[in-house]
Structure formats: C-alpha cells, structure tokens
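The values are calculated or read from the model by the stated rules, or taken from the named source; none is laboratory data. Predicted model, so just to flag it, every value in this text is computed and none were measured. Methodologically, a virtual Cβ is constructed for each residue, glycine included, from the backbone with ideal geometry; neighbour enumeration extends over all protein chains shown.
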C-alpha cells in the first residue's frame with residue numbers, strides 16, 4: 001500500500017513560490033524521495049471591485065484591484081517521513097499550501 005502526498009502551492013509572489021518549490025525539490029533529491037513535479041498551472045488573474053465608500057446607497061466605484069495567483073503542484077510517492085517533514089514546515093505567509101494524502105492499493109490486492 002502506497003501513499004501519495006499532493007502539495008498544491010499558490011502565491012501572488014512568484015519568487016517566493018519558486019523558492020519554496022525549489023527547496024522542496026532539492027531536499028527530495030538529497031533524501032532520494034520519489035517526487036513528481038513541480039507542475040505549473042497557468043497564472044490566474046483575479047479582479048476585486050473597489051467602492052468609494054462603505055455606505056450601501058453609494059454605488060460609485062474606483063478602479064478594480066487586479067492581482068495574479070501562481071500555482072505549482074508537487075506529488076510525493078511513498079516516503080511518508082519526508083512527506084510529513086515537508087507538510088510540517090513553516091511556509092512564508094505569502095505562500096498558501098494545500099496538502100492531500102491518498103492511499104493507493106497495490107495491483108491485485110483488495
């Protein structure tokens with residue numbers, strides 16, 4: 001039975017995101033862990049409307065605030081100790097991390 005740990009990292013700060021991903025990748029290479037990725041997703045451009053005032057009757061708007069979110073995905077196959085150490089890290093505040101663990105059964109076993 002194998003565990004696959006999927007890490008989805010997102011940030012508006014591309015340099016910080018790439019630094020975290022490069023650190024995970026280099027640590028995996030040193031430890032000999034099986035790593036797939038990093039897979040880059042197309043950047044998302046998001047827009048947030050801004051109003052002049054908070055009053056409900058005032059519909060005047062300012063220019064929308066736009067920002068870009070960059071996403072990288074990494075998978076760790078097996079190596080549970082390494083996956084736990086990565087999941088337990090203190091990531092920068094500018095990087096959002098989602099972790100999903102899947103259990104995969106061997107072929108022919110139930």
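Structure values in brief
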| item | result |
| --- | --- |
| Output for the stretch 29-50, where each listed residue is in contact with a helix residue (DSSP H, G or I) (Cβ under 7 Å, 6 or more places away or on another chain) and assigned to a loop (DSSP other than H, G, I, E, B) | 33 |
| Pairs, first at positive phi and at pLDDT below 90 in the stretch 85-106, second surrounded by 14 or more Cβ atoms within 10 Å (Cβ to Cβ) and not in a strand (DSSP E or B), C-beta under 6 Å, six or more apart | none |
| Residue check, residue 53 surrounded by 10 or more Cβ atoms within 10 Å (Cβ to Cβ) and either modelled with pLDDT under 90 or in a strand (DSSP E or B) (or both) | no |
| Top-ranked residue in the stretch 32-50 [being closer than 12 Å to residue 76 by Cα and surrounded by 10 or more Cβ atoms within 10 Å (Cβ to Cβ); ranked as nearest to the chain's Cα centre (by Cα)] | 38 |
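Rundown of residues vs (1) in a helix (DSSP H, G or I); (2) surrounded by 13 or more Cβ atoms within 10 Å (Cβ to Cβ); (3) modelled with pLDDT of 90 or more; (4) within 13 Å of the chain's Cα centre (by Cα), yes/no style:
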residue: 5; (1), (2), (3), (4): no, yes, no, yes
residue: 15; (1), (2), (3), (4): yes, no, yes, no
residue: 18; (1), (2), (3), (4): yes, yes, yes, yes
residue: 27; (1), (2), (3), (4): yes, yes, no, no
residue: 58; (1), (2), (3), (4): no, no, no, no
residue: 64; (1), (2), (3), (4): no, no, no, no
residue: 81; (1), (2), (3), (4): yes, no, no, no
residue: 109; (1), (2), (3), (4): no, no, no, no
